[in-house]
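Taking it in order: structure first as structure tokens, then the write-up.
The values are calculated or read from the model by the stated rules, or taken from the named source; none is laboratory data. Not measured: the values here are computed from a predicted model. With ideal geometry, Cβ positions are generated from the backbone for all residues, glycine too; neighbour counts draw on all protein chains shown.
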Amino acid sequence: MNDFFNLLRYTTLAGYQWQEPRLLLLIVAVPLLFVLRRVLARRRAQVGVAFGPGLLPRDWVAALRFVPDVVLGLALSFGIVALARPQRTDERVEQSGRGIDLVLALDVSGSMEIQDLRPNRLEAAKRIATDFLKTRVGDRLALVAFAGEAFSLAPLTTDYDLLREDLAALRVGMIKLDGTAIGTALGVATNRLRESTAKSRVCILLSDGENNAGSLDPLLAAQLAHAFGIRIYTIGLGKDGFVPYGQDSLGRTRYVQTRLDETTMRQLASAAEGQFFRATDTAGLREVFKQINRLEKSEIKQLRFRNTKDFYLPYLWLSIGLWLLWLGLRSTFLSNPLED
């Protein structure tokens, strides 16, 4: 009995995939058939029937004459459900091949609040880096944040939900020592990747300034990364010159001067067989990540196995059973021969 009621539950019906979903619209037409039948019955010649004086008493028994119509309507409805072919599909995905181990190193220094990218440099980088994660399949990714120091926030993992949470939590001021320790950031990224057995090991470093903190020389760090087979892509973020940065006490836009050490960023990429990219606006940054995505492709093959199971048979049997019941009811007192 429970199985019968489960077939009629909304959650059960909503959980199906329908091979012919448009046929379900015919269910709306089922009550219209009975309305049409009533209209046609009234247009036929009426047969006079004499009853005794006075009105006949009305009770609940009179409503039973509608039972055959209800049974027929249900039979037609279940028949339509069966014709629409309710199904459920189980999909299993098997992956083969090798992915890439990739570390994303993001600058969270104070200058990343500059607003030449909207709403500011850091938020734009976070949003586009999150979109970049969605394009990676089967790769292990790690996250490094740096300002005056560098910290590994997430190890190499395929848990992209965890990485998205860590990216969303990045903010200016999370590292107390301000500055731009590019060399230290590369050292932390190299430490994450040096024991990797992946065919391709990559570090994407995004910064908007010049190295002015940390004890590790950036070029030495890049050469060390190259020794471990790590390729470095550097992204220089923002414009040079005077750019908007917050507001003054009167609510007017404040401008500060900023400069990217593009020469060093190019040298770092060249030392580790990578490339340097410059992104001066949000669209440019998005295009940079698209280019890196094309350059670093995983050798992942996916095999999808689909197992489709039909569930129309119970509804077909219900339709047939109700149809037979309707035929039986036509031979009882519930049927009105004057209407038929």
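Residues of the range 299-334 that are modelled with pLDDT under 65 and either in contact with a helix residue (DSSP H, G or I) (Cβ under 9 Å, 6 or more places away or on another chain) or among the hydrophobic types (A, V, I, L, M, F, W, C) (or both): I300, L303, F333, L334.
Of all the residues in the range 141-157, those that are surrounded by fewer than 21 Cβ atoms within 10 Å (Cβ to Cβ) and touching a residue at least 40 places away in the same chain (Cβ under 8 Å) number 4. The residue that is nearest to L72 (Cα to Cα), among those in the range 13-31 that are in contact with a strand residue (DSSP E or B) (Cβ under 9 Å, 6 or more places away or on another chain) and of a type outside the set (G, A, S), is L24. The residue pairs whose first member lies in the range 64-88 and is over 15 Å from Y16 (Cβ atoms), whose second member is at pLDDT below 90 and outside any helix (DSSP H, G or I), and whose beta carbons are closer than 8 Å, counting only pairs six or more residues apart or on different chains, are L64/L334; R65/L334; R65/S335; R65/N336; V67/L334; P68/R330; P68/L334; P68/S335.
Let's see how each residue does on (1) in the same structural domain as L186 (by TED's automatic domain parsing); (2) at positive phi; (3) modelled with pLDDT of 95 or more:
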{"site": "D208", "(1), (2), (3)": "yes, no, no"}
{"site": "G214", "(1), (2), (3)": "yes, yes, no"}
{"site": "P218", "(1), (2), (3)": "yes, no, yes"}
{"site": "A221", "(1), (2), (3)": "yes, no, yes"}
{"site": "H226", "(1), (2), (3)": "yes, no, yes"}
{"site": "I232", "(1), (2), (3)": "yes, no, yes"}
{"site": "G238", "(1), (2), (3)": "yes, yes, no"}
{"site": "D248", "(1), (2), (3)": "yes, no, no"}
{"site": "L260", "(1), (2), (3)": "yes, no, no"}
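When restricted to residues that are part of a loop (DSSP other than H, G, I, E, B) and among the polar types (S, T, N, Q), the range 115-133 contains 2. Checking every residue in the range 135-144 against the condition of being among the acidic types (D, E), within 31 Å of the chain's Cα centre (by Cα) and part of a loop (DSSP other than H, G, I, E, B) gives at least one match. Output the residue which, of all residues in the range 212-239 that are of a type in the set (S, T, Y) and within 15 Å of T190 (Cα to Cα), is surrounded by the most Cβ atoms within 10 Å (Cβ to Cβ). My answer is T234.
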